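Right, one structure below, let's go through it.
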Amino acid sequence: MDETATITLCGTGLTKVYHSGPVAIHALRGVDVALYEGELVVLVGPSGSGKSTLLNILGGLDRPTAGEVRFRGRPLGDSEAEITRFRRDHVGFVFQFYNLIASLTAEENVALVTEIAARPLSPADALALVGLGDRLRAFPAELSGGEQQRVAIARAIAKQPEILLCDEPTGALDSETGVMVLRAIDQVNRELGTTTALITHNRSIEGMADRVLRFADGRIAEVAENASRCPPERLAW
Amino acid sequence: MVIAPLDRKLLRDLWRVRGQALAISLIVASGVAVLVMSMTAMQALDDSSRAYYDRARFADVFASVKRAPRRLLADIAAIDGVQMVEARIAQFALLDMPGLREPVTGRLVSIPDAAEPALNRVQLRSGRLPDPLRRDEVVVSEPFAEAHRLRPGSRFGALLNGRQRSLTVVGVGLSPEFVYAIGPGALMPDPEHFGVIWVREAVLAAAFGLDGAFNDVLLLLYPGVPAVDVLTDLDAILAPYGGIGGYDRSEQISHWFLANEIAQLQTLARILPAVFLLVAAYLTNMVLARLVYLERAEIGLLKAFGYGNGAVVWHYAKMVVVLSLIGLLLGWVIGQWLGHWMTAMYAEYFRIPELTFRLQPWVFALSAAVSVGASLIGVVSAARYAGALPPAEAMRPPQPPMFRHRLAAGRRWLAGLDQPTRIIVRQLLRRPGRSLLTSLGLGAGVGLLVVSLQWFDALDHMIEQYFERQQRQDMTLVFADPKPASVLRDVARLPGVLAVEPARSAAARFTVGHRSHREALVGLPAAARLTHLNDAAGRPVMVPPHGMLLTDMLAGKLGVVAGDRVQVQLLEGRRQRIELPVSGIFESPIGMAAYVDLDAFNRALLEPGLANMLQLVVDRAEEAVLYAALQGLAPIAGVTLKRAATDKFEETIGETMLVMVFFYLAFAGTMAFGMVYNNLRIALSERGRELATLRVLGFRPGEVSYMLFGEAGMLMVLALPLGCAFGWLLATIMAASFETELFRIPVVIEPSTYALAVVLTLMATLPSVLLVQRRLQRLDLIAVLKTRE
């Protein structure tokens, strides 16, 4: 990686221990990680290897047992209010389950975020970016799984966040719709320059990343850099 | 004991939703408690009074007469259906109680010289019956004895037919005809100012010049003989001797109050528990529907394993049965206790020697059947859903709920709202039926509060209407017989009397075609200043110079409108039969009454210038002198002090009502709390995922709370006016069923009462909001978002 590139988000010495009755589960065992401005990182690894935990901690959904997360060099802060502020202003999330608000149309689901954002895209533009410019008025129940996930992406990026965190965004989709979703993420990353981290079980997706972090047993076991990114539609699914 | 795995699941499910389950159980318990309380108190009154009536040989027919020779008794006994006759002398007298300046009215009742009364037997609570040879010995009624600390050996004075006598108490007793011992003109038993005195017949006969005669007669009929048949013959026999018309037990004042109380308890037992149990059924349905929806997968699994629909439905039904059983047990315990307390309270007013409180197995059976039944109604739809679910579909995740595009007008309206508010509005509109039902349920709590609190308004209104606006006098003197105008002048000259106004009342039978009613006809002077008649709206009503003014209740009973003519058979004096036109009808808080102009009345009776009642305005500073002077006045049957009556009224009602209202407040509060809590918990469960999503998107906890509580808030905003309207409706229904010939409980609900009900409901809501808010704060964002619902 280019040494001069700016670090958007970094974690140092991140440890997470869950206590489940008498058993202590070490989900993260001292992870150091940095996400550079504008890059697209793919996190792969077996279930329970710690990638979701890391993503949640980086996005301010969870707190580390030890270690620190810094956004643009500044710690996230300890209070719930500071962390909420961080999520609100700087982070977009996409999950395997789309989590759209059933009572709001596609456009309104996006507007939900743009109403509280400082310099948002218009909901229509955000939806156009993910190829749904013609489905603004549809309720979630009227959309296919792929469409719902793309609305979720539009909702995540409409506030123009610095960071987009995607946890298995294609996990519930078939390959064809999966590619459409990945293309939307790829496009957002390129056109808006949003630093993007994406968790997947599907190793063929690694090809679209700038860097690939391979997880095993609560640690980053390997970091691989791709010389060039493969467009999603050309990934061998 | 081995618990089947499904039952173990049931117990754990119940534990999981324990907060909601408890709230429902408490509402069931409230309904059951009201039911058990009113039923046991009613049963205690009913059983005890029946047994007492039998034991003490309470008469079936009663009649008063001016003076009838004893030889008539043979004729009366010969009337078909008469089992037993007892003649006696009954009079009113002024009593002079040591330590009390105010005049006290005594009801003197004779007992046979050489025997115990055969009918309306006096049950001695202490002491003995008077010695026939001692003319000063009397037995006094127990509440009167208690109020004046009288015991055998105590003495007090009485004015018998104008002659001062000193009486000695030798016994304290109770009688079935004075279970509810109410003095003339009073609304409540006031043992300080009214007492019953039993005297040997010879003493009263001598004092009132009734040797060999009687002025009161009691009949016991053979079982099953209707009183009407006997009354016609009895009235015919007594009429020549000044009979004022007989009446049966249903019109006997003490029994009438008792029967009314029993009827009111029945009303209470019918209306209020129904409200509680309906709300409980609705909540059960909501909670269960949610549970079944969340357990779709488990239900599918059970079915896949081969459990039949019946087994699945029974599984959920059992849960509800457990819920209502908990409520039932709790309700039994509370209702028992309240019933016990209420019976004890009744014992203060209804003097039945053994007012016993017994556990009524049928009340328990009834409340069990009703409460479990109501809850099972709540199970039906959820259980049907669970039963109808095909196993494979049950295990698939549900589709996002469908929302419809509204009309363009709705869209424009929504366009002005931010997204969180849109979520709230759409949620409410998606299932308008459920939203409305929830609002109604929330409103039920408000309504119950309004009903409980409005009693105070109704009472204030009654006191204001009846005592303050209609009755401007301080004191009413009632004479045994009509007196000429000279008495009026005598009274006006007494010390402390500021104003006097005459009035005359006479027992009369009003007849129109086949409809008939026995009521006092009251003559008021033209432009009466001390008795103001008002209609229900508080407007003054003038007594017309000609014709008769009727209350709407009496007009309704007679089936007349203004302009119709009514046959009035006077039952006193020369028993004239006159025909009077109805010149006006007015809506009155006091049930049945008929008024005429006093002069017109006297002219019709050919007795000018007579009055048997005097209304007095009195200088309070000279009350003591006046009371003393009254003792020397021509035979006064009774004195009613308005202040004593209102004080007693407010004191008695105030204290029992406060306690009752407190309990209803507790019940209504429970209902409001349970309704809101369940509603919020279900909303949280249904919307947890959306709320977590919003948190992830960066919404602050407060903003997310808005979405959850905003919905509940809007439902509440809808519920408050609905609840107020429901309260008004409930109050109207209850007032209508409490309405009697004697009085009508006005439906008066002050704005402040509505406001208080609203505030109390909101206060009852607060704990639910705090409890749910705590859960919302602990919402595990990651867990919620990463699982499918």
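Some values worked out for this structure:
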{"quantity": "Residues that are in contact with a Leu (Cβ under 8 Å, 6 or more places away or on another chain) and at the interface with chain B (Cβ under 7 Å from one of its Cβ atoms), drawn from region A:78-99", "calculated": "A:Arg87, A:Arg88, A:Phe93, A:Phe95, A:Phe97, A:Asn99"}
{"quantity": "Selection status of B:Ile244, modelled with pLDDT under 85, in a helix (DSSP H, G or I) and hydrophobic (A, V, I, L, M, F, W, C)", "calculated": "no"}
{"quantity": "Flag for B:Leu73 being of a type outside the set (S, T, N, Q), more than 20 Å from B:Leu220 (Cα to Cα) and either at pLDDT 85 or above or outside any strand (DSSP E or B) (or both)", "calculated": "no"}
{"quantity": "Counted residues, region B:711-740 - those being more than 19 Å from B:Val275 (Cα to Cα) and within 16 Å of the chain's Cα centre (by Cα)", "calculated": "2"}
{"quantity": "Test set (1) part of a helix (DSSP H, G or I); (2) touching a residue at least 40 places away in the same chain (Cβ under 8 Å); (3) hydrophobic (A, V, I, L, M, F, W, C) - B:Phe662 fails condition number", "calculated": "(2)"}
{"quantity": "Filter result for A:Gly131 (more than 11 Å from every other protein chain (Cβ to nearest Cβ), in contact with a Phe, Trp or Tyr (Cβ under 8 Å, 6 or more places away or on another chain) and assigned to a loop (DSSP other than H, G, I, E, B))", "calculated": "no"}
{"quantity": "Restricting region A:132-162 to residues that are farther than 30 Å from B:Arg430 by Cα and surrounded by fewer than 22 Cβ atoms within 10 Å (Cβ to Cβ), the residue that is modelled with the lowest pLDDT", "calculated": "A:Gln160"}
{"quantity": "Region B:686-715: number of residues that are polar (S, T, N, Q) and within 11 Å of chain A (Cβ to nearest Cβ)", "calculated": "1"}
{"quantity": "Long-range neighbours under 6 Å by Cβ, at least six apart or interchain, first residue in a helix (DSSP H, G or I) and surrounded by fewer than 24 Cβ atoms within 10 Å (Cβ to Cβ) within region B:668-684, second at pLDDT below 85 and charged (D, E, K, R)", "calculated": "B:Ile682/B:Arg290"}
{"quantity": "Residue in region A:35-44 that is at pLDDT below 90 and either assigned to a loop (DSSP other than H, G, I, E, B) or touching a strand residue (DSSP E or B) at 6+ places or on another chain (Cβ under 9 Å) (or both) present", "calculated": "no"}
{"quantity": "Checking A:Glu107 against (1) assigned to a loop (DSSP other than H, G, I, E, B); (2) over 25 Å from A:Val41 (Cβ atoms); (3) within 12 Å of chain B (Cβ to nearest Cβ); (4) not small (Gly, Ala, Ser), the condition it does not meet", "calculated": "(1)"}
{"quantity": "Index of the failed condition, A:Ala126 passing every other in (1) surrounded by fewer than 23 Cβ atoms within 10 Å (Cβ to Cβ); (2) free of Cβ contacts under 8 Å to residues at least 40 places away in the same chain", "calculated": "(1)"}
{"quantity": "Matching option when the condition is at positive phi and small (Gly, Ala, Ser), among B:Gly698, B:Gly727, B:Gly702, B:Gly710", "calculated": "B:Gly698"}
{"quantity": "Scope region B:157-177; condition touching a residue at least 60 places away in the same chain (Cβ under 8 Å), surrounded by 20 or more Cβ atoms within 10 Å (Cβ to Cβ) and touching a strand residue (DSSP E or B) at 6+ places or on another chain (Cβ under 6 Å); matching residues", "calculated": "B:Ala158, B:Leu159, B:Leu160, B:Leu174"}
{"quantity": "Wholly within region B:411-515, helices (runs of 4 or more DSSP H) carrying at least 1 residues that are at pLDDT 85 or above and away from chain A (no Cβ under 14 Å)", "calculated": "B:432-462, B:485-492"}
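Table: residues versus (1) small (Gly, Ala, Ser); (2) at pLDDT 85 or above; (3) on the phi > 0 side of the Ramachandran plot; (4) part of a loop (DSSP other than H, G, I, E, B).
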position: B:Asp216; (1), (2), (3), (4): no, yes, no, no
position: B:Val225; (1), (2), (3), (4): no, yes, no, yes
position: B:Val230; (1), (2), (3), (4): no, yes, no, no
position: B:His255; (1), (2), (3), (4): no, yes, no, no
position: B:Leu277; (1), (2), (3), (4): no, no, no, no
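The values are calculated or read from the model by the stated rules, or taken from the named source; none is laboratory data. Bear in mind the structure is a predicted one, so any value in this text is a computation, not a measurement. Methodologically, a virtual Cβ is constructed for each residue, glycine included, from the backbone with ideal geometry; neighbour enumeration extends over all protein chains shown.
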